[in-house]
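Coordinate-derived values only; no laboratory data. In this text, all values refer to a predicted model and were calculated from it rather than measured experimentally. Note that we place each Cβ from the backbone using ideal geometry, even for glycine, and neighbour counts take in every protein chain shown.
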Amino acid sequence: MALKLVMLGPPGAGKGTQARTFAAAMRIPHISTGDMLREAVAAGTEIGMRAKAVMEQGKLVSDEIMVGVVRERLAKSDARSGFVLDGFPRTVPQAKALDAIVAGGDPLVVVDIAVADDELVHRLTSRRVCSQCGTNAAVPAPGEPLPVRCAVCGGALTQRADDREEVIRERLRVYARDTRPLLDYYRDLPTFRAVNGAQAPEAVARDLASAVDAAIGAGAA
Ligand code: AMP
């Protein structure tokens, strides 16, 4: 069967890091709508130009644009063997549109990575991303110095435009209002699981893999 994994969780939960590693291990595409939008902004496409200001304010790009972007991406041949969706859906209308896109195929597996708010603000304000390979640097403990170079490729680390404190607060507000309701939307699925994201990345990865296995078993039953 094709693994169609949706990763949920607030900004800073470690979704992106986990989704990227898990997708690589499973040899299925990692589809991050945030990455796709940042690429569109960098390339200056029409969608990028429309999304730029919205993203910099920590608000959500419209459902109409996002559903179009994801529908097109999932229609590509590499997504036929499965995918890991990271950052989509972010609203209930997006979730309903996704259900329609995948209808008739293997069930969605939905995993929520849960982390408390205080920890999220710390992680997001200290998040640094490699400008060359896109890897997120490990978050230092409070009071420890921030890393400057990427541990994977040595590239310069940068801060995302939307990782400034006031934008982070807005993103967490938007998450609570628009995205957290998705938990109620998915909670009753036999293929829904929650994972504790307040652990070391390796422990989260282990729990994620077991959660996906258990969900697939429940979905096939
Ligand atoms: P992310 O990298 O997932 O944190 O996304 C960065 C920003 O891109 C978000 O704060 C939104 O402005 C925008 N974005 C990404 N995915 C979506 C989505 N599914 N719906 C609306 N906006 C999105």
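Given R0 = 25 Å, the distance between the Cβ atoms of S62 and E202 translates into a calculated FRET efficiency of 0.10.
In plain terms, the residue of I28, I101, I113 with the fewest other Cβ atoms within 10 Å comes first and the most crowded comes last, giving I101, I28, I113. Would you mind checking which residues have amide H under 5 Å from K59's amide H? H placed 1.01 Å from N; only 5 or more apart, or other chain. Hits under the 5 Å cutoff: none. Cβ crowding within 10 Å ranks R171, R177, R193 as R177, R193, R171, fewest other Cβ atoms first. Here I101 and M49 are evaluated by their C-beta separation; at R0 = 25 Å the FRET efficiency comes out at 0.45. Rounded to whole numbers, the Karplus 3J(HN,Hα) couplings from phi for the range 12-17 are x, 6, x, 3, x, 4 Hz, using 6.51 cos²θ - 1.76 cosθ + 1.60 with θ = phi - 60°, and x at Gly and Pro. Measuring between their Cα centroids, the range 147-221 and the range 65-140 lie 8 Å from each other.
Let me know the shape class of the range 35-164, please: from the alpha-carbon gyration tensor, a ≥ b ≥ c as square roots of the eigenvalues, rounded when a/c is under 1.5, otherwise prolate if a/b is greater than b/c, or oblate. Here the range 35-164 falls in the prolate category.
By the count of neighbouring beta-carbon atoms within 10 Å, fewest first, T33, T45 end up ordered T45, T33. For the chain, lysine pairs separated by 8 or more sequence positions, or belonging to different chains, with Cα-Cα distances below 19 Å total 4.
Shown in residue order for the range 30-38 are the 3J(HN,Hα) couplings computed by the Karplus curve 6.51 cos²θ - 1.76 cosθ + 1.60 at θ = phi - 60°: 9, 10, 9, 5, x, 4, 4, 5, 4 Hz (x for Gly and Pro). In terms of overall dimensions, the range 153-221 has a Cα radius of gyration and Dmax of 16.6, 48 angstrom. Distant-in-sequence amide contacts of V110, defined by a placed amide H-H separation under 5 Å and a gap of 5 or more residues or a different chain, comprise V6, F192, R193. Would you mind classifying the range 106-178 by shape? Square roots of the alpha carbon gyration tensor eigenvalues, ordered a ≥ b ≥ c; an a/c under 1.5 is rounded, otherwise it is prolate if a/b is larger than b/c and oblate if not. It is oblate, given that a/c is not under 1.5 and a/b is not larger than b/c. Stokes-Einstein at 20 °C, 1.002 mPa s, Kirkwood radius from Cα pairs: D for the chain in µm² s⁻¹? D = 120 µm²/s. Here the dipole of the chain is about 320 debye; that uses its Cα centre as origin and unit charges on the Cβ of Lys and Arg (positive) and Asp and Glu (negative). Classify the range 47-124 as rounded, prolate or oblate, taking a ≥ b ≥ c as the square roots of the eigenvalues of its Cα gyration tensor: rounded when a/c is under 1.5, otherwise prolate if a/b is larger than b/c and oblate if not. Oblate is the answer for the range 47-124, as a/c is 1.5 or above yet b/c matches or exceeds a/b. Near the amide H of R128, within less than 5 Å, lie the amide hydrogens of A137, all on another chain or at least 5 residues away, with H placed in the peptide plane.
Working note: Karplus 6.51/-1.76/1.60 with θ = phi - 60° gives the range 120-131 the couplings 5, 4, 4, 4, 6, 5, 9, 5, 10, 10, 5, 6 Hz, where Gly and Pro are set to x.
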